[in-house]
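Structure, as structure tokens:
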Amino acid sequence: MVEVAAAAGFSRQTLYSEFGSKEGLGTALVARELEAFLDRTARAARRASRAAATPAAAPVAGCAAAAVAV
């Protein structure tokens, strides 16, 4: 936590106040990265669905784009 606090420009106490523990910090990091991953995947699926040649092809295109994004 000392190294993380120094790299972030905060005190160690600030990190503990915000996250409670190392585990809390890790959980917050995983949640943030998961949210970003899901957003990127959903954007790729939406773009591909909108660009599909026909309405019937939209779900397939969206799923394929989401799989590629993963």
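Here are the numbers for this structure:
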| quantity | calculated |
| --- | --- |
| Matching residues, the stretch 41-68, being of a type in the set (D, E, K, R) and surrounded by 13 or more Cβ atoms within 10 Å (Cβ to Cβ) | R43, R46, R47 |
| Sole exception among (1) of a type outside the set (A, V, I, L, M); (2) open to solvent by less than 70 Å² (accessible area, probe 1.4 Å); (3) modelled with pLDDT of 95 or more for S11, by number | (3) |
| E35 among the acidic types (D, E), part of a helix (DSSP H, G or I) and over 20 Å from the mean Cα position of the chain (by Cα) | no |
| All positions within the stretch 20-38 that are of a type outside the set (V, I, T) and open to solvent by 70 Å² or more (accessible area, probe 1.4 Å) | K22, E23, L29, R32, E33, L34, E35, L38 |
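The values are calculated or read from the model by the stated rules, or taken from the named source; none is laboratory data. What you see is a predicted model, and the numbers here were worked out from it, not measured in a lab. As a convention, Cβ positions derive from the backbone with ideal geometry for all residues, glycine included, and neighbour counts pool all protein chains shown. Please note that ligands, DNA and RNA were not included when accessible areas were found on the heavy atoms of the full protein model with its side chains. Shrake-Rupley method; radii C 1.70, N 1.55, O 1.52, S 1.80 Å.
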